[in-house]
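*Asks:* Take this structure first; my questions come after.
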Amino acid sequence: MSTRRTFIKQAGSITVGFSLLGPLACTTEAQNSAPIIPGGQVDENKIDAWIKLLDDGSIQVITGKMELGQGLSTAILQVAAEELNTPFEKLSLQLAETGVTPDEGITAGSRSMETSAMSVRQASACLREILLEKTAEKYANEIASLQVENGQVSGAGNTYSFKEILDGEQVEKSVFEPTEYYGKTRRKFVGQPLKRPDLEKMVRGEAFYVQDLRFPNMVHARVVRPPSYTASLKSIDDSGLADSPGYVKLVRSGSFLAVLAEKESQAVGLQRSVKGKVTWDTGQELKQADDLASFVKSLPSDTNVDEETGDWADAASGAAITLEATYAKPWVMHAANGPSCAVAIFEDDQLHIWSHSQGVYPLRETIANLVKLPQEKVHVKGVPGSGCYGHNAADDVAAEAALIAMEIPGRHVRLQWMREEEHGWEPYGTAMVMEHRAALDSNGKIQGWQYELWSDAHSTRPTSGDPANLLPGRYVEASFGTPGQGWRGGAIRNAPPIYQTDAFTLTSHIFEGPLRVSALRSLGAYANVFSIECFMDELAEKADVDVFTFRMNHLQDERAIACLERLQEMTQEVNPADNQGLGIGFARYKNSASYCAVAALVEVTDGNPVVKQMWGVIDAGECINPDGLKNQTEGGMIQSASWTLKEAVKWNDQHITSVDWQSYPMLRFKEVSIVEVEVIDRPELPPLGAGEAAQGPAAAAVVNGIYFATGKRVRILPVGRLG
Amino acid sequence: MKSISLTVNGTSQTLELDPGTPLLYVLREELELNGPKFGCGLQQCGACMVILDGKATPSCVLPVAAAEGKEVVTLEGLAKEDGTLHPVQQAFLDEQAAQCGYCLNGMVMHAVSVLDENPAAGEEEIREALDINICRCGTHSRILKAILKARKS
């Protein structure tokens, strides 16, 4: 019988063979660091929760967040490199893993720089100060004569390695307020466009993703999906199945059905053949949405007045012009390029899961409840996957792999969804309807603004431990049902306009829609900002003021104004042709994070809108890596243009019909725009979340550009072909 | 089961397997290569592209039997033996032309094949060719820049 230590050893040997993931690794097993304590908690107040010296003398930087392609690994390494004045080559990174890293919840909301990176910065600065003190004590030097450089402390002609200074001990002290942050005073690593170390692994085709994990004797699984959300499994004819090539077994619990085979292609074959051998009880019909806005508004909803300031009646009564407009956006999918994947093994009473989840700790708790194991028996290790852009099927596939692994103890189970499953079963970003009404006075000032929105939940993440939030939770024998109403806050993110008015009212109607939904990059901010920024253009036209000036007339925040001014400069020379228009959009994400202004030059030929070029300006406070920040912003702009122009989930009375890249078109190379982003760096300020800042402004820029190109005001997304 | 012979990254391989197995699974599972990725299994996204007898080809549907006697190059096979990257790979690094990087295999393989065929390929030609390659992170603008840059090296 093997013990936990042998697991660590085995997994270690695999991961080492898998070459991998270091220096940016997701491995602890490969390193000779602390053993995994699956049920353990890491004390985030301790320095060594964030930074450790490994036996080989290298330095391990630790984060409870995940690399999602956003470049988090690089930025976190940068802040540590700065405080220890030590280059990347001497550092490795440990990503989120239960029992190993601090519990930092979910990697979401563009919060990782504000939280995790700042914890790493503080712990690293503390470590530096402790190293200097200890060196001075041990070798009778003056602290002032010592300096930390390249993984060593040097002074008076001597150099001391961190390892010899600490004598093999970790710094287990609690973090404290250091006397200096090199990240603020020196900025040798921070603020520089350092290249991402993980990119070289990708470009060489090295094992990097959870999809690339291989273990000896690993078995491959596929899930046989019901014909609709609510269908239930009636019977299965399993005659002859055992003779299929590579057949290992069928796993069934209630309406959850999976096939296992020795080879992946055999599992795919079995999934296909078993599909024809299952009889399902058809579930409820899915309601159809012939007209998006009226369909959404017809759904039963729960209404709340979220904000009410000033007196609308008063504002409206003195208005020269009152304007109203209704906008809508459909259900949009994350649609990761690589379908979701996980590996799991149940061995010696322990369940180990490798997952690209955004939240390993919440997932551990929820899976423990699903498979009915105590939490300390479940270990979840974060390994990067394909970009997720929010809560996609990462948690679902991990839960399914776990359920299956419980049925075949001692063997690693690898499960990857097929394209039609990823498209058809992930939780989408919800449809929304946005109704604006505003009163303008005769000077072109907005006196009052009323905003009423309709939205489903924006997060059904497994954060409460309830397995209903995991897709298989509803299908297993003892069903956990479906999630209740999600978090209201997502719908009203960025719903209050940043612009000054005397009166403002926000009313939200949260409905339960026909489709499975959860967090998609920026949550409600995409739709709210899209509609606010289009409405601002509509108001500017009524006020007869240009779109830049109209916005600036209603702003007092200097950083907001600086962003718009910079954008105006960048686009000054743009001279749109007759069939072209230049549109803009602006927002401060969450009204408390990054400022982002976007312009789009759109060309419309025979009703087909193509974005030729986009410009972006972003102020994310202190910028850790300007190229990383630009890359995120550029990507956000292009992704948002794709959502806005092309994307909408479709379904029939049974199931989703957008099941591949033909039935769910997105922006592709022929029509994708060139983008250019400038960063306003404010090193004296704290860093702000940036990864989601461009989604809303870019959507508005595109649609406003279409208006200037054609005179047609598009209010219902996706834009599609103009009639 | 059948014996299939093909050359992968310069090494000849003879494998005993179901000749209908898509080439992608053979590369990933039998030969433990990581470059080609499963994206759609429908030849719609390009994540699984390899260079087959000199031409970028999706490998997710193509039965391995169809590659019998042919030469397959994967992402792993582009760099020189001393580790020097292919100019296209290097350009992707220089331009930091990736976010999650899942599409990168297809982007690089397809670009190599396009530039092999026409070293002077222009932006329009590259856009046209790579239209099959999906990137969900929106890294297209950087990828285009990288390929245009690689053209010069």
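*Asks:* Could you count how many residues in the stretch B:112-128 are within 11 Å of chain A (Cβ to nearest Cβ) and in contact (Cβ under 8 Å) with a residue 24 or more places away in the chain?
*Replies:* 1
*Asks:* Out of the stretch A:342-374, which residues are farther than 22 Å from A:S459 by Cβ and in contact (Cβ under 8 Å) with a residue 60 or more places away in the chain?
*Replies:* If the condition is that a residue be farther than 22 Å from A:S459 by Cβ and in contact (Cβ under 8 Å) with a residue 60 or more places away in the chain, then A:V343, A:A344, A:I345, A:F346, A:E347, A:D348, A:Q350, A:H352, A:W354, A:P374 are the ones that fit.
*Asks:* Next up: For the stretch B:47-65, check the following and say yes or no: at least one residue is facing chain A (nearest Cβ under 10 Å), open to solvent by 20 Å² or more (accessible area, probe 1.4 Å) and assigned to a loop (DSSP other than H, G, I, E, B).
*Replies:* no
*Asks:* Taking the stated definitions as given, is A:G410 of a type outside the set (F, W, Y), in the same structural domain as A:I367 (by TED's automatic domain parsing) and more than 28 Å from A:S73 (Cα to Cα)?
*Replies:* It is true that A:G410 is of a type outside the set (F, W, Y), in the same structural domain as A:I367 (by TED's automatic domain parsing) and more than 28 Å from A:S73 (Cα to Cα).
*Asks:* Let me ask another. Taking the stretch B:85-94 as the search range and keeping residues that are open to solvent by 50 Å² or more (accessible area, probe 1.4 Å) and within 11 Å of chain A (Cβ to nearest Cβ), which one is farthest from A:G69 (Cα to Cα)?
*Replies:* B:Q90
*Asks:* Hey, could you check the stretch B:30-42 for residues that are facing chain A (nearest Cβ under 10 Å) and surrounded by fewer than 20 Cβ atoms within 10 Å (Cβ to Cβ) and say which is nearest to A:S340 (Cα to Cα)?
*Replies:* My answer is B:L42.
Here's the yes/no breakdown for (1) polar (S, T, N, Q); (2) part of a helix (DSSP H, G or I):
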| site | (1), (2) |
| --- | --- |
| A:L323 | no, no |
| A:T326 | yes, no |
| A:F346 | no, no |
| A:E365 | no, yes |
| A:L370 | no, yes |
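*Asks:* Could you grab the pairs with beta carbons closer than 8 Å, sequence gap of 6+ or different chains, first residue in the stretch A:202-221 and at pLDDT 95 or above, second one part of a helix (DSSP H, G or I) and of a type in the set (F, W, Y)?
*Replies:* From residues that are at pLDDT 95 or above, the pairs are A:V203/B:F92.
*Asks:* From the list A:S145, A:S239, A:S232, A:S174, which one is surrounded by fewer than 16 Cβ atoms within 10 Å (Cβ to Cβ) and under 30 Å from A:H423 (Cα atoms)?
*Replies:* Sole residue among the options that is surrounded by fewer than 16 Cβ atoms within 10 Å (Cβ to Cβ) and under 30 Å from A:H423 (Cα atoms): A:S232.
*Asks:* Quick check on my filter: what residues within the stretch B:104-153 are closer than 21 Å to A:A335 by Cβ, within 14 Å of the chain's Cα centre (by Cα) and not hydrophobic (A, V, I, L, M, F, W, C)?
*Replies:* Hits for the stretch B:104-153 are B:N105, B:G106, B:H110, B:N133.
*Asks:* Of the residues that make up the stretch A:210-229, is at least one more than 32 Å from the chain's Cα centre (by Cα), away from every other protein chain (no Cβ under 14 Å) and open to solvent by less than 10 Å² (accessible area, probe 1.4 Å)?
*Replies:* No, the conditions are met nowhere in the stretch A:210-229.
*Asks:* Could you run through the stretch A:328-341 and say how many residues are part of a loop (DSSP other than H, G, I, E, B) and either without any contact (Cβ under 8 Å) to a residue 24 or more places away in the chain or within 11 Å of chain B (Cβ to nearest Cβ) (or both)?
*Replies:* 7
*Asks:* Follow-up. Quick one: is A:P245 within 14 Å of another protein chain (Cβ to nearest Cβ), open to solvent by 60 Å² or more (accessible area, probe 1.4 Å) and in contact (Cβ under 8 Å) with a residue 24 or more places away in the chain?
*Replies:* It is true that A:P245 is within 14 Å of another protein chain (Cβ to nearest Cβ), open to solvent by 60 Å² or more (accessible area, probe 1.4 Å) and in contact (Cβ under 8 Å) with a residue 24 or more places away in the chain.
*Asks:* Residues of the stretch A:35-67 being surrounded by fewer than 19 Cβ atoms within 10 Å (Cβ to Cβ), closer than 24 Å to A:P178 by Cβ and modelled with pLDDT under 90, which ones?
*Replies:* Within the stretch A:35-67, A:L54, A:G57 meet the criteria.
*Asks:* Can I ask one more? Open to solvent by 20 Å² or more (accessible area, probe 1.4 Å) and outside the structural domain of A:V224 (by TED's automatic domain parsing), is that true of A:A313?
*Replies:* yes
*Asks:* Applying the selection to the stretch B:95-111, what residues are aliphatic (A, V, I, L, M), more than 7 Å from chain A (Cβ to nearest Cβ) and outside any helix (DSSP H, G or I)?
*Replies:* B:A97
*Asks:* Could I ask something else about it? Output the residues belonging to the stretch A:70-100 that are farther than 29 Å from A:G635 by Cβ, in contact with a helix residue (DSSP H, G or I) (Cβ under 7 Å, 6 or more places away or on another chain) and in a helix (DSSP H, G or I).
*Replies:* Selection gives A:L84 alone.
*Asks:* Within the stretch B:66-78, is there a residue that is among the acidic types (D, E), assigned to a loop (DSSP other than H, G, I, E, B) and more than 8 Å from chain A (Cβ to nearest Cβ)?
*Replies:* Looking for residues that are among the acidic types (D, E), assigned to a loop (DSSP other than H, G, I, E, B) and more than 8 Å from chain A (Cβ to nearest Cβ), one finds at least one in the stretch B:66-78, hence yes.
*Asks:* Examine the stretch A:173-193 for a residue that is within 14 Å of chain B (Cβ to nearest Cβ) and within 30 Å of A:G621 (Cα to Cα), and state whether such a residue exists.
*Replies:* yes
*Asks:* Sticking with this structure for a sec: If you take the residues in the stretch A:376-397 that are assigned to a helix (DSSP H, G or I) and touching a residue at least 60 places away in the same chain (Cβ under 8 Å), which one is farthest from the other protein chains (Cβ to nearest Cβ)?
*Replies:* So, considering only residues that are assigned to a helix (DSSP H, G or I) and touching a residue at least 60 places away in the same chain (Cβ under 8 Å), the one farthest from the other protein chains (Cβ to nearest Cβ) is A:E376.
*Asks:* Looking at the stretch B:137-149 only, could you name the residues that are open to solvent by 10 Å² or more (accessible area, probe 1.4 Å) and either touching a Leu at 6+ places or on another chain (Cβ under 9 Å) or at the interface with chain A (Cβ under 9 Å from one of its Cβ atoms) (or both)?
*Replies:* B:R142, B:K145
*Asks:* Does A:V120 count as farther than 13 Å from A:K65 by Cβ and under 38 Å from the mean Cα position of the chain (by Cα)?
*Replies:* No; evaluated as a whole, the condition is false for this residue.
*Asks:* Test A:L93 against the criterion of being aliphatic (A, V, I, L, M) and open to solvent by 10 Å² or more (accessible area, probe 1.4 Å), and give yes or no.
*Replies:* no
*Asks:* Being within 7 Å of chain B (Cβ to nearest Cβ), open to solvent by 10 Å² or more (accessible area, probe 1.4 Å) and in a loop (DSSP other than H, G, I, E, B) is the filter here; which residues of the stretch A:667-681 pass it?
*Replies:* Listed by number, the list holds a single entry, A:R668.
*Asks:* I'd like the full set of residues that are closer than 15 Å to A:A221 by Cβ and either over 33 Å from the mean Cα position of the chain (by Cα) or β-branched (V, I, T) (or both), limited to the stretch A:274-298.
*Replies:* Listed by number, the list holds a single entry, A:V274.
*Asks:* Additional query: Being small (G, A, S) and in contact with a Gly (Cβ under 6 Å, 6 or more places away or on another chain) is true for just one of A:A398, A:A402, A:A457. Which residue is that?
*Replies:* Every option except A:A457 fails the conditions.
*Asks:* Considering (1) more than 14 Å from chain B (Cβ to nearest Cβ); (2) surrounded by 20 or more Cβ atoms within 10 Å (Cβ to Cβ); (3) within 23 Å of the chain's Cα centre (by Cα), say which one A:G691 fails and leave the rest.
*Replies:* All conditions pass for A:G691, except number (1).
*Asks:* Now for a separate question. Select, from A:Q632, A:Q639, the only residue that is open to solvent by less than 10 Å² (accessible area, probe 1.4 Å), within 8 Å of chain B (Cβ to nearest Cβ) and closer than 26 Å to A:Q572 by Cα.
*Replies:* Exactly one residue qualifies, and that residue is A:Q639.
*Asks:* Please go through the stretch A:196-205 and give me each residue that is at the interface with chain B (Cβ under 7 Å from one of its Cβ atoms) and either in contact with an Asp or Glu (Cβ under 8 Å, 6 or more places away or on another chain) or part of a helix (DSSP H, G or I) (or both), ordered by number.
*Replies:* Correct list: A:L199, A:E200, A:M202, A:V203, A:R204, A:G205.
The values are calculated or read from the model by the stated rules, or taken from the named source; none is laboratory data. Computed from a prediction, not measured in an experiment: that's the story for all the values here. When we count neighbours, we look across all protein chains shown, and the Cβ atoms used for this are built from the backbone with ideal geometry, even at glycine. Remember, those area values only see protein heavy atoms, side chains included, never the ligands or the DNA or RNA. Shrake-Rupley method; radii C 1.70, N 1.55, O 1.52, S 1.80 Å.
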